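The values are calculated or read from the model by the stated rules, or taken from the named source; none is laboratory data. The shown structure was predicted, so the numbers you read here are calculated from the model rather than taken from an experiment. Cβ atoms come from the backbone with ideal geometry, glycine included; neighbour counts cover every protein chain shown. Accessible surface areas use protein heavy atoms only, side chains included; no ligands, DNA or RNA. Shrake-Rupley method; radii C 1.70, N 1.55, O 1.52, S 1.80 Å.
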Amino acid sequence: MADFDVPVLGDYPICPVPAIKPDAMKGLKPFAVNNPAHNTALGFPGALVDNWEEVAVAKMRELLGKYRSLQVFLDSCVKCGSCTDKCHYFIGTGDPRNMPVARQDLMRQIYRRYFTAAGKYLPKLVDAKDFTREVLDDWYSYYHQCSQCRRCSVYCPFGIDTAEISMAAREIMDAIGLGQKYTNEILGKNIKIGNNLGLPPPAIRNTLDGIEEDVEDDTGVVVRFPLDVKGADVLLVTPSADFFAEPHIDGLIGYGKVFHQAGISWTLSSYASEGANFAMFIGSYSNMKRAAMRIRDAARELGVKRIVVGECGHAWRVAYSFWNTIIGPFDFLDPKYPVPQHICEFTNDLIRRGALNLDKSANDHRVVTFHDSCNVARASRMGQVPGGQYTIPRDIIKASCNRFVDMASGTIHDQTFCCGGGGGLLTDDLMPLRVKGAYPRMQALRQVQEEHGVNYLAAICAICKSQFSKVLPYYKFDRDMIGGVHQLVSTAIQLGTKE
Amino acid sequence: MTVVTLLYALLFYAATAILTIGVVRRVVIYARSPAPLRIVTMPAPLTYTGVVLRMVREVVFFESLFKSTKWTWLFGWLFHMCLALVLMRHIRYFQEPVWLGVQIIQPLGKYAAFGMIAGLLALAVRRVCVERVRYITAPSDRAMLLLLLAIAISGASMTFLMHTDIVAVKSFFLGLMYFEWRPLPADPLLLLHLTLVATLMIIFPLSKLLHVPGVFFSPTRNQVDDAREKRHVAAWARDPA
Ligand code: SF4
Ligand code: SF4
């Protein structure tokens, strides 16, 4: 079904390290912005500027002064090689430029040439390069073959995080007018309309009406999916994929049922109808703030007491790690609750308090495993103790079904493998990369499928869900295996027994 | 005063100045540059004490490297720990009387040179033989290994094979510290060792050896996981008032 090689799964939980295949993925580039408006809406030049080399170097200087991470990371790498076999894109493609350190080196070559004495006077010795068109092309290819999953940073003795480098690289490319179509177009919609899909308020209401009908048909219980309700206790912010995409929508239904049974008033917002924030992918602080500010404004406007974030990996990173800093303080919300709160924290608290009636046997047709999404696992937390982001979703799953197994250690928790579609790469023009990048995860999944009959891959990320439903078939899995954690809750919850 | 003495006195003043100024300058740059967002690699400590412990585990035990590849960890750790011992042993050439601690590690410090050499050789073999590591290696990376090896071998040779007049060497360095010129023996092996060490000191602030101060400033390792509780707005990110 593919016009490219799909990695072949074996009988082991962890993929072998491939031999290097130089330039194997050099030619793969996502579409660049071709409608200048998609760049200018975000404050970038519409198309590649003539003096791009000069502008790029100036932008790099600016970023070095703004981000300690960039400065320290570019200086500190000792080429120990510890990260070289840790990236799913390297494991799946064998292209040595997809080794995290080699990906960083594309920027380090330029940094050395323009910003360090060694690179100015002895470029050959320290592998410093002029910023030529050829180098820029490599940047565009390989900085769009990084899902910013941070797996490499776990293993680096200096904590060097290639995600930070690729965000900075994309910010520099945006600054010279070389934007990536998929991300910039979507981010533009989010900032202008309030969600990635560009859904206007009536369309959202329509969808929610449809969901209400479906739930009533299914369960005989009227569960409301409120929109723009002033004075509700909770504002739920969720990725807009939850409104229409499969299997995401079943997660949204799950959240609604939880709120319903717990008797907590809640609302969605049509003004802030997006949890995702693609500005993070392109390292744009100002656009990240613009997109997030809609949520703060909506929360104030609606007068809610707390904000809960739906199942979405990078949305949770932005919410957990950045919101307070970029759009805080949240002194207008109820100080009893953390701001923001993850839907899993919310549901888990209710389960522990006995506020939900879950019948595990309703999920007996499922054998479940859990995919830790990168941004949740390595860039944020849930609950009050470190690692709560691993235990809380699993606790919810175990409270909702009888059969749960974990995939092999080394592929879960902070060592989890990316789904292959994160970081702004969830676009059809990168399909070969997405499929190959999913290989380590698919391998671990195959093992639990064979040994334990796993038939449900639970994830708490909209991108993971979309990505898996697309790539699972390439590895001969059923595409319907993928679903949310709240989809399991939705199946297990006994409506009408507690409320 | 001989030409050799003068030359090496000047060389070591210059090397010390470049090393100190270079590293301090870098540290100031790192310390001043803002960290506008919490980007700590999770799971992370919730308190400052926790961060100190994480940093200690990282710096003393190379925790992340251990998680990654046991061989690289073994060789890298062996090299660094032996280097630390050797450096501590060398303190004796810069003080009179010598601290008790330095006296105690003297025998260990002497043999640590072999650990250093073994670690470096293993790392060098790895750099040449492992395809992935070879790919990311620049000429400067190979040169750095050779330089360190040459320093270790020339030093160990003086300890174990061809002794130099170590009393005179010590007197030379003590003299440098009090701005008194005292003669340095013109022993070729010693001069080689000293030249290489001075070279290392000079390139330190210009090279990847900056990982030494760098690790302490790495935001993914030195931040507290407190983003929901505390705001971390950098000066450049403040809204214009
Ligand atoms: S952040 Fe993830 S995708 Fe990017 S280089 Fe590191 S491991 Fe690979
Ligand atoms: S693990 Fe860190 S120091 Fe080692 S090669 Fe990779 S980025 Fe460089």
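What's the longest uninterrupted piece of chain B once you rule out the chymotrypsin sites (Phe, Trp or Tyr not before Pro) that are loop residues per DSSP with at most 14 other Cβ within 10 Å? The partial results should precede the final answer.
Working: sites that count: B:Trp99, B:Tyr178, B:Phe179, B:Trp181.
Of all site-free stretches, the longest is B:1-98.
Taking a probe of 1.4 angstrom, what is the accessible area of A:Arg205 in Å², to the nearest 10? Rounded to the nearest 10, the figure is 70 Å².
Per-residue 3J(HN,Hα) values for the stretch B:150-163, derived from phi via the Karplus relation 6.51 cos²θ - 1.76 cosθ + 1.60 with θ = phi - 60°, read 4, 4, 5, 5, 5, x, 5, 4, 5, 6, 10, 10, 10, 5 Hz in sequence order (x marks Gly and Pro). Between B:Lys70 and B:Leu108, the modelled labels are 2.5 nm apart [label points 7 Å from Cα along Cα→Cβ]. Modelled spin-label separation between A:Asp3 and B:Val167, with each label point placed 7 Å from Cα along the Cα-to-Cβ direction: 8.4 nm. A simple count of charges around A:Leu495, restricted to other residues whose Cβ falls under 14 Å of its Cβ and scoring Lys, Arg +1 and Asp, Glu -1, yields -4. Taking label positions 7 Å along the Cα-Cβ direction at both B:Val60 and B:Tyr93, the computed distance is 2.8 nm, reported to one decimal.
Calculate the FRET efficiency for A:Lys120 and B:Leu46 from the Cβ-Cβ distance with a Förster distance of 45 Å, rounded to the nearest 0.05. Could you put the intermediate results ahead of the total?
On the way: r = 43 Å, r/R0 = 0.96.
About 0.55, to the nearest 0.05.
FRET efficiency for the A:Lys192 to A:Arg133 pair, using the beta carbon distance and R₀ = 25 Å, is estimated at 0.15. Consider a paramagnetic label point 7 Å from the Cα of A:Asp359 along Cα→Cβ; state which residues of the stretch A:483-499 have an amide N under 17 Å from it. Inside the label zone: A:488-499. Averaging sequence separations of C-alpha pairs under 8 Å and six or more residues apart, then dividing by the length of the stretch A:187-492, give the relative contact order as a whole percent. After rounding, I find 20 percent. Multiplying the residue separation of B:His80 and B:Thr159 by 0.36 nm and subtracting their alpha-carbon distance yields 26.5 nm. Charge tally for A:Gln261 (other residues, Cβ to Cβ under 10 Å; Lys, Arg +1; Asp, Glu -1): +1. Interface residues of the stretch A:120-157, defined as those losing at least 30 Å² of solvent-accessible heavy-atom surface relative to the isolated chain (probe radius 1.4 Å), are listed as A:Leu125, A:Arg150, A:Val154, A:Tyr155, A:Pro157.
Computed from Cα positions, the angle between helix B:166-177 and the longest principal axis of chain B comes to roughly 60 degrees. Just checking the listed ones, B:Leu83, B:Leu176, B:Leu53: in the Gaussian network model of chain B with Cα springs under 10 Å, the one fluctuating most is B:Leu53. Taking amide H as placed 1.01 Å from N in the peptide plane, A:Ala32 has its amide H under 5 Å from the amide H of A:Lys181, each at least 5 places away in sequence or on another chain.
For the stretch A:352-370, the residues whose amide N sits under 20 Å from a probe point set 7 Å from the Cα of A:Asp214 along the beta carbon direction are A:363, A:366. If R0 is 22 Å, the Cβ-Cβ spacing of B:Leu100 and B:Ala17 corresponds to a FRET efficiency of close to 0.10. Within chain B, the longest run free of GluC sites (Glu not before Pro) that sit in a DSSP loop with at most 14 other Cβ atoms within 10 Å is B:1-179.
Where does the charge balance sit around A:Lys336 when Lys and Arg score +1, Asp and Glu -1, over other residues with C-beta under 9 Å from its C-beta? Once positives and negatives cancel, what remains is +1.
As a length-normalised measure over Cα pairs under 8 Å and 6 or more apart, the relative contact order of the stretch A:36-179 settles at 32 percent. Given a cut-off of 27 Å, name the pairs among A:Lys476/B:Lys67; A:Lys21/A:Lys59; B:Lys110/B:Lys170 whose C-alpha atoms lie farther apart than that in the structure shown. With Cα atoms farther than 27 Å apart: A:Lys476/B:Lys67; A:Lys21/A:Lys59.
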